[in-house]
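Data block below; observations after.
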Amino acid sequence: MKRQEEEEDEVCLDASFFINDNYQLTTFTFGSQVLELFCLQSASTDFDLTGQLVWPGAMLLNDYLSKNAELLHGSSVIELGSGVGVTGILCSRFCRNVALTDHNDEILKKNTELQTSSDNANNRLAVEKLEWGNFDQTNQILQKYSGGFDIILGADIYILYTRLEKFIRFKGPGQCRFILAYVSRAKIMDSMVINEATRHGMMINEIAGTRSVVGNLEGVIFEVTLP
Ligand SMILES: C[S@@+](CC[C@H](N)C(=O)[O-])C[C@H]1O[C@@H](n2cnc3c(N)ncnc32)[C@H](O)[C@@H]1O
């Protein structure tokens, strides 16, 4: 048992100390689609900003999706590691339904409320808390979306394929594809992203014409399917 003086000396650091919530309403344009959402403007070493900025991967993926919106028409989509939600929110303009997910879902909720209040018709968006690989959260999502998902999206995330296998298999072979906007930050990851998919029995293909420079990094879009 701790002595009373020890307990009084203990400093409890609330998680919110490390979150900068100085969000600014920002406009993004992708083709004919104009989106407004809250996000931070720049990175910092003082706070954990991972999911509170729009990352280069999201810019790459949104550019691709806005030019190929027919892929999304009428489909059911889940986005993993949505961050501020810029990709899922764009998709909600075209899809039947979109589940935006992240382990930190506060900013996602704020941005989703903003969309649903400014666009009354936008009841296609929902936020689901999901820590990759969390069995209970995954099952809850699959119970809610009992038809499964046609498309899984990921922008600027490094996720193990085992974490998405359940979503892919739920829909059945060939029925669900994972579209990943990959941004190269470490050479070792470049081959790993391809080799690991193959090791898990998945087919991974670079989508032609998507390799480009985003920010000052090289990015590319992959399509991953279960044959
Ligand atoms: C680099 S950010 C990319 C965010 C967004 N997709 C974009 O491109 O702007 C990575 C995102 O993955 C989320 N993330 C990281 N690890 C996670 C995990 N284990 N489970 C769920 N989300 C995670 C972070 O919170 C963050 O939002």
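The values are calculated or read from the model by the stated rules, or taken from the named source; none is laboratory data. Because the structure is a prediction, the values reported are computed rather than measured. Because the Cβ atoms are built from the backbone with ideal geometry, glycine has one as well, and the counts that use them run over all protein chains shown.
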### Query
On the given criteria, is GLY209 assigned to a loop (DSSP other than H, G, I, E, B) and closer than 17 Å to LEU160 by Cβ?
no
### Task
Exactly one condition in (1) of a type outside the set (Gly, Ala, Ser); (2) at pLDDT 95 or above; (3) surrounded by fewer than 22 Cβ atoms within 10 Å (Cβ to Cβ) is not met by ASN123; state its number.
(2)
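Looking only at the range 57-108, which residues are among the charged types (D, E, K, R) and more than 13 Å from the ligand (Cβ to nearest atom)? Outline the logic, then answer.
Filtering the range 57-108 for residues among the charged types (D, E, K, R) gives 63, 67, 70, 79, 93, 96, 102, 105-106.
Across the range 57-108, the qualifying residues are LYS67, GLU70, ARG93, ARG96.
Looking at the range 116-128 only, could you name the residues that are in a loop (DSSP other than H, G, I, E, B) and within 13 Å of LEU90 (Cα to Cα)? Talk me through it step by step, then tell me what you get.
Step one: list which residues in the range 116-128 are in a loop (DSSP other than H, G, I, E, B), which gives 119-124.
ASP119, ASN122, ARG124, listed by residue number.
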### Summary
Of the residues in the range 182-196, those that are without any contact (Cβ under 8 Å) to a residue 12 or more places away in the chain and assigned to a loop (DSSP other than H, G, I, E, B) number 1
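Is the range 143-163 home to any residue that is among the acidic types (Asp, Glu) and in a helix (DSSP H, G or I)?
First, the residues of the range 143-163 that are among the acidic types (Asp, Glu): 150, 156.
Narrowing the set further to residues that are in a helix (DSSP H, G or I) leaves none.
No, the range 143-163 contains no residue that is among the acidic types (Asp, Glu) and in a helix (DSSP H, G or I).
Please find, among GLU113, GLU131, the residue that is over 17 Å from PHE149 (Cα atoms) and part of a helix (DSSP H, G or I).
Values: GLU131 fails: part of a helix (DSSP H, G or I).
Just a single option satisfies the conditions, and that option is GLU113.
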### Task
Considering every residue within the range 151-171, establish whether at least one is surrounded by fewer than 17 Cβ atoms within 10 Å (Cβ to Cβ) and small (Gly, Ala, Ser).
no
### Query
What about GLY74, is it surrounded by fewer than 16 Cβ atoms within 10 Å (Cβ to Cβ), outside any helix (DSSP H, G or I), in contact (Cβ under 8 Å) with a residue 24 or more places away in the chain and of a type outside the set (S, T, N, Q)?
no
### Query
List pairs: first in the range 95-115 and of a type outside the set (A, V, I, L, M, F, W, C), second part of a strand (DSSP E or B) and within 10 Å of the ligand (Cβ to nearest atom), Cβ under 6 Å, 6+ apart or cross-chain?
THR101/LEU80; ASP105/LYS129
